[in-house]
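Quick one: the structure is below, and I'll ask about it shortly.
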Amino acid sequence: MNYLKCIVLIALFLFYDHKANAQLLTNNNVSITVKSATQITVQGTIQNQNLTTIDNSGTIDLSGNWINNTSNNNFGISAGTVILNGANQTIGGSNTTLFHNLTLSGTGTKTLLINTTVGGSAATGVLGIGTSVLDLNGNTFTLFNPLSTALTYTTGAGGGYVLSERTDNSSKFTWQIGSNITTHKIPFGNVAGLQIPVEINTTAGNIGDVTVSTYPTSANNLPLPVAPILVTHVKDIAGVNNSANTVDRFWQIDKTGPTGTATLVFTHDPLEAAANGTTSIRAQRWNQAYDGWEFPVLGQINPFAFQVTVPGVTLFNSVYTLALQANPLPVELIAFTAQLSSNQQTDIQWTTATEENSDYFVVEKSTDGKNFFDFIRVKAAGNSSSIVNYKVLDESPFKDYTYYRLRQVDFNSAQCYSQIEAVYMSNDKVGNSMVYPNPVIGTMTLKIIGKVYSEYQIIDAQAKILSQNKISTYENETVIPIDCSDLANGIYVLVLKGNEKTETLKFVVYTK
């Protein structure tokens with residue numbers, strides 16, 4: 001279709017929408033071509049119907065809404081630009097539009113009524129926010145282009161931003177970063193118009209698609225997140241409500257990549273600061289498996305007021321918030337592990353890269369992963385700038401599960417905790433089975449003693465059977481790997497069934 005035919009087509013389908021008090025261009029079962037260096041301006045709304053397609057190599061400028069009621073993504077492989085150049089405008093319809101370049105201009109807020117994508121089929125397109133507001137409105141906006149230059153906006157007062165702010169975390173911004181190693185800044189803003197961006201500075205690996213949503217809370221940090229991750233409290237390590245020391249905002253950050261390390265930068269509104277001040281705020285991640293907050297990643301800094309930089313982040317797929325930390329962490333912990341040996345004893349090891357004013361370590365022990373007691377105390381190196389390895393042995397782990405964690409205490413009594421490690425000890429009687437590691441990340445191992453079972457089922461917390469598999473067991477010991485990578489974080493039951501016996505094993509899935 002040449003340029004003249006395109007203009008004629010537009011004239012045929014342009015009419016005045018008295019109800020909306022604006023012009024409405026309806027394209028119904030047509031193919032439109034906008035050639036390179038050509039701009040079509042519509043003072044009103046564009047509505048595409050049925051099998052309409054648009055081959056856009058130029059620019060479509062409209063002051064009204066964009067409506068895609070076709071059975072396709074409108075633009076296919078074409079690489080042109082759409083400009084929303086009006087007051088309050090919406091992107092909607094019954095089907096997602098795949099824009100190549102999308103530029104937000106004019107005045108007012110641009111609101112999503114449906115999931116929307118930018119970047120085009122070649123993932124080279126650009127989203128230009130400028131000084132506009134992009135209201136996600138409970139939908140997901142996906143940016144295909146992995147380059148940091150794929151998103152532009154005006155910074156500072158009056159600058160543009162992305163509005164998330166839904167307490168159900170349904171307003172999500174997804175950036176398909178993959179293995180692109182650079183800074184990716186999502187310019188979130190709040191209803192007051194203040195920019196509070198989130199930066200994902202990828203440093204290694206393939207991080208895949210990164211999805212971020214955020215919302216503010218009241219001074220008591222309510223409402224707590226309920227989806228997609230359930231957070232039950234903002235208590236400190238002593239079990240005391242810590243809302244006075246916690247910033248009034250949560251962030252949900254997910255990734256799809258198999259690997260990926262990044263430096264995260266969080267910024268919040270000064271009005272969302274913790275009641276007890278802003279000194280040395282630190283990001284903390286919710287660990288659903290243990291119903292608590294993980295201790296802050298080491299090496300965090302505050303380059304500006306109301307901002308924290310978190311290096312070396314590998315754990316995503318959960319909720320983050322910011323809490324006060326009066327003193328910097330004195331120990332840089334590289335690793336903490338607990339493994340059951342062949343003689344049914346637990347080897348506990350940890351390694352530090354640097355230590356500053358470190359007094360001692362305490363290995364704590366628990367039967368449930370929540371209520372811990374001191375097991376053994378180990379003198380620390382004090383001050384060290386080199387690798388230090390520590391090791392202790394627990395000769396009497398509990399029957400079934402034993403949980404361990406490491407507490408570090410420095411000379412001024414400041415202290416911090418490691419993650420929790422778990423081991424399982426079987427009594428090796430016929431019919432007694434075990435799964436490990438538990439909690440599991442990825443693949444767990446099922447061990448069965450005796451030839452007693454012929455199948456297993458995995459059941460979720462709502463008693464729904466997720467999978468059912470036949471198995472063959474042997475007289476002595478059977479070891480079966482079970483892939484749990486498709487299971488969401490949570491508690492599950494493994495049911496083993498045989499002709500004369502049934503056994504149930506509880507396990508926890510914990511996705512890093």
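Calculate the dipole size of the range 182-271 relative to its Cα centre from +1 charges on Lys and Arg beta carbons and -1 charges on Asp and Glu beta carbons; express the result in debye to the nearest 20.
Rounded to the nearest 20 debye, it is 40 debye.
For the pair Thr232/Thr259, report the inter-label distance in nm, with labels modelled 7 Å from Cα in the Cβ direction.
The modelled label-to-label distance comes out at 3.6 nm.
Nearest 10 degrees is fine. How inclined is helix 3-13 to the longest principal axis of the chain, computing both from alpha carbons?
The angle comes out at about 90 degrees.
Okay, next question. Peptides 141-147, 34-40: what's the order by average Cβ count within 10 Å, highest mean first? Show your work: numbers first, answer last.
Values: 141-147: 21.1, 34-40: 14.7.
Listed from highest to lowest mean packing, they are 141-147, 34-40.
Using 0.36 nm per residue, how much length does the chain from Ile471 to Leu51 gain when fully extended, once their Cα-Cα distance is taken away? Let's see the in-between values first.
Details: separation 420, 0.36 × 420 = 151.20 nm, distance 5.04 nm.
Working it through step by step, the gained length comes to 146.2 nm.
Under the rule of at least 5 residues apart or a separate chain, name every residue whose amide H is placed under 5 Å from the amide H of Ser78.
Under 5 Å from the amide H of Ser78 lie the amide H atoms of Asn56, each far enough along the sequence or on another chain.
Now for a different question. Can you tell me how much longer the chain between Phe304 and Phe373 gets when fully stretched, taken as 0.36 nm per residue apart minus their C-alpha distance, in nm with one decimal? Mind showing how you got there, number by number?
Values: separation 69, 0.36 × 69 = 24.84 nm, distance 3.89 nm.
Contour length minus Cα-Cα distance gives 21.0 nm.
Taking a probe of 1.4 angstrom, what is the accessible area of Asp483 in Å², to the nearest 10?
100 Å²
Given Lys235/Lys365; Lys379/Lys447; Lys451/Lys506; Lys370/Lys399, which pairs have Cα atoms separated by over 26 Å?
Working: Lys235/Lys365 20 Å; Lys379/Lys447 37 Å; Lys451/Lys506 21 Å; Lys370/Lys399 17 Å.
From Lys235/Lys365; Lys379/Lys447; Lys451/Lys506; Lys370/Lys399, over 26 Å: Lys379/Lys447.
When DSSP assigns beta bridges and you keep just the ones with both residues in the chain, what percent turn out antiparallel, to the nearest 5?
Details: 114 of 172 bridges.
If I count the DSSP bridges inside the chain, around 65 percent turn out antiparallel.
Would you please give the residues with an amide H less than 5 Å from that of Asn88, counting only those at least 5 places away or on a separate chain, with H modeled from the backbone geometry?
HN-HN under 5 Å from Asn88: Thr109.
Residue-wise, which Karplus ³J(HN,Hα) couplings in Hz belong to the range 149-159, taking 6.51 cos²θ - 1.76 cosθ + 1.60, θ = phi - 60°, and x for glycine or proline?
7, 6, 10, 10, 6, 8, 8, x, 4, x, x
Quick check: pseudo-label points 7 Å beyond the Cα along Cα→Cβ at Thr38 and Ala157, how many nm apart are they?
So the label points at Thr38 and Ala157 sit 4.5 nm apart.
Tell me the per residue accessible area of the chain using a 1.4 Å probe; a whole number in Å² is fine. List each step's numbers first, then the result.
Details: 22540 Å² over 512 residues.
With the other protein chains kept in place, the chain gives 44 Å² per residue.
Output wanted: per-residue J couplings in Hz (rounded whole) for the range 118-129, from phi through Karplus 6.51 cos²θ - 1.76 cosθ + 1.60, θ = phi - 60°, x for Gly and Pro.
Values per residue, Gly and Pro as x: 9, x, x, 5, 8, 6, 10, x, 10, 9, x, 8 Hz.
Of all accessible surface on the range 366-512 at a 1.4 Å probe, what whole percent is carbon and sulfur?
Numbers: 3830 of 8140 Å².
Solvent-exposed carbon and sulfur of the range 366-512 make up 47 percent of the total.
Only helical DSSP H runs with n ≥ 4 go in: add -39500 (n - 2.57) per run for the chain, normalise by residue count and round the 222 nm mean residue ellipticity to 500 deg cm²/dmol. Before the final figure, lay out each step's value.
On the way: 1 runs with 11 residues, N = 512.
Per the formula, -500 deg cm²/dmol.
Hey, what do the phi angles of the range 273-279 turn into as Karplus ³J(HN,Hα) couplings, whole Hz, using 6.51/-1.76/1.60 and θ = phi - 60°, x for Gly and Pro?
Working through the residues one at a time gives 4, 4, 4, 8, x, 10, 5 Hz.
What lysines could a cross-link reach from Lys255, if we take a straight Cα to Cα line under 18 Å and drop same-chain neighbours fewer than 8 places away?
The reachable lysines, counting only those whose Cα sits under 18 Å from Lys255, are Lys172, Lys185, Lys512.
In nm, what is the difference between 0.36 nm times the number of residues separating Asp400 and Val479 and their Cα-Cα distance? If you can, show how the numbers build up before the last one.
Values: separation 79, 0.36 × 79 = 28.44 nm, distance 1.76 nm.
Result: 26.7 nm gained on full extension.
Mind ordering 313-323, 263-273 by average Cβ neighbours within 10 Å, highest first? Let's see the in-between values first.
Details: 313-323: 21.9, 263-273: 18.3.
Result, highest mean first: 313-323, 263-273.
What residues have an amide H closer than 5 Å to that of Asn206, excluding those fewer than 5 places away on the same chain, when H is modeled at 1.01 Å from N in the peptide plane?
Excluding prolines and chain starts, which carry no amide H, the hits are Thr259, Gly260.
In nm, give the distance between the simple-model label positions of Val495 and Gln339, each being 7 Å from the Cα along the Cα-to-Cβ direction.
In this crude label model, Val495 to Gln339 measures out at 3.5 nm.
The values are calculated or read from the model by the stated rules, or taken from the named source; none is laboratory data. Computed from a prediction, not measured in an experiment: that's the story for all the values here. FYI the Cβ positions are ideal-geometry reconstructions off the backbone, even for glycines, and counts take in every protein chain you see. Areas reflect the complete protein model, heavy atoms only, side chains present, ligands, DNA and RNA absent. Shrake-Rupley method; radii C 1.70, N 1.55, O 1.52, S 1.80 Å.
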